[in-house]
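*Asks:* Got a structure here, written out as structure tokens. Questions coming.
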Amino acid sequence: MSQRESQESTPQNVPVVAVVLAAGFGTRFDPSSPKQLVSVMGKPIVCWSIEAFENNPRVTDTIVVVNPQVRHAVERLIDDAGYPKVRMVIDGGAERVDSTACALDALAAAGIPPIAKVLIHDAVRPFVAQSSIDGCIDALDQFTAATVAYASTDTMLLTEDLGERKVIASVPDRANMFRAQTPQAFRFAVIRRAYELAASDPDFHPTDDTRVVVDYLPDEPVAIVSGSETNMKITTQEDLPIAERIASTL
């Protein structure tokens with residue numbers, strides 16, 4: 001779907017589907033305790049993320065992608081909370097992109113229309129703002145892909161190897177530097193096609209879904225949606241006190 005097609009074919013009742021990726025077992029956190037199930041202010045991290053989409057009236061459906069080892073635990077949390085938008089809980093894959101591929105396959109099998117808006121979100125970013133979710137949904141009226149990103153306040157350095165050391169190769173203009181966050185949003189036909197093209201590439205190892213579109217559908221511009229400092233990714237134990245402080249303000 002081209003940008004023009006996106007603009008000209010946006011019925012008011014187009015599905016808006018959130019895909020919450022909760023399949024990772026972060027070795028930097030605690031290999032024996034998946035961080036998605038760790039509680040922040042008494043609520044499991046995965047529930048914070050699910051509720052962000054539950055609380056947005058424009059999101060119609062949610063899919064939660066989990067590690068098979070914790071599927072029953074996540075299903076119990078969802079049943080206990082009674083999240084009405086969660087349509088299915090599915091097993092993910094070995095890597096993040098495998099989990100996204102599993103979700104796309106499930107959506108295709110469910111008959112989702114090509115123009116549906118799909119928002120893919122890391123479960124371990126529990127404090128995504130409603131303005132970012134709305135921004136993604138709105139951006140897909142004009143573009144076929146969009147990502148939440150936060151403007152860098154630090155000077156970024158591009159490096160190269162010099163012997164055993166890294167040295168500075170260049171200093172990009174900070175005004176053009178952003179830190180990628182999630183959700184990352186796409187028209188279903190576009191993200192599905194990007195993954196189909198990527199599947200034939202043996203060197204396919206992107207760290208997020210936007211990269212798949214940038215690499216394999218380079219003619220599709222990806223819009224930037226404003227993120228926030230609080231849309232943090234919980235990666236290590238040291239992130240938990242920060243998460244607790246953020247949660248206490250919500």
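*Asks:* Tell me the mean residue ellipticity at 222 nm calculated for the chain from its helices only (DSSP H runs of n ≥ 4, each -39500 (n - 2.57), averaged over every residue, nearest 500). Could the numbers behind the result be given before it?
*Replies:* On the way: 8 runs with 79 residues, N = 250.
When only DSSP H runs of four or more count, the value is -9000 deg cm²/dmol.
*Asks:* What length, rounded to one decimal in nm, is gained on full extension from residue 242 through to residue 142, with 0.36 nm per residue of separation minus their alpha-carbon distance?
*Replies:* Numbers: separation 100, 0.36 × 100 = 36.00 nm, distance 3.55 nm.
Result for the pair: 32.4 nm of gain on full extension.
*Asks:* Further question: Cα to Cα, under 17 Å, and not fewer than 8 places away if on the same chain: which lysines meet these conditions relative to residue 233?
*Replies:* Partners within reach: 35, 43.
*Asks:* While we're looking at this one, here's another question. Test of understanding: what is the full-extension gain from residue 161 to residue 13, defined as 0.36 nm times their sequence separation minus their Cα-Cα distance? Please list the in-between numbers first.
*Replies:* Values: separation 148, 0.36 × 148 = 53.28 nm, distance 5.19 nm.
Gain in length upon complete extension: 48.1 nm.
*Asks:* Along the Cα→Cβ direction, 7 angstrom out, place labels at residue 80 and residue 235. What is the inter-label distance in nm?
*Replies:* According to this spin-label approximation, the distance is 3.0 nm.
*Asks:* So, one more: Could you tell me the relative contact order of the chain? Use alpha-carbon pairs under 8 Å, at least six residues apart, and round to a whole percent. Please list the in-between numbers first.
*Replies:* Details: 459 pairs, mean separation 61.5, N = 250.
Value for the chain: 25 percent.
*Asks:* Please give the peptides 98-108, 237-247 ranked by average Cβ packing (other Cβ atoms within 10 Å per residue), highest first, as a rough proxy for protection.
*Replies:* Numbers: 98-108: 19.4, 237-247: 14.5.
Highest to lowest by the protection proxy: 98-108, 237-247.
*Asks:* What aspartates and glutamates could a cross-link reach from residue 166, if we take a straight Cα to Cα line under 20 Å and drop same-chain neighbours fewer than 8 places away?
*Replies:* 154
*Asks:* Which whole-number percentage describes the relative contact order of the stretch 157-237, with Cα contacts under 8 Å and a sequence gap of 6 or more?
*Replies:* Details: 43 pairs, mean separation 14.9, N = 81.
Value for the stretch 157-237: 18 percent.
*Asks:* Per-residue counts of other Cβ atoms within 10 Å, averaged by peptide: what ranking do you get for 200-209, 164-173, 213-222, highest first? Numbers along the way, then the final one.
*Replies:* Working: 200-209: 12.9, 164-173: 9.4, 213-222: 16.6.
Ranked from most to least packed, the peptides come out as 213-222, 200-209, 164-173.
Read-outs throughout are calculated quantities, based only on the coordinates presented, and are distinct from any laboratory measurement. All values derive from a computational prediction rather than experimental measurement. Every residue, glycine as well, gets a Cβ built from its backbone with ideal geometry; the counts of neighbours run over all protein chains shown.
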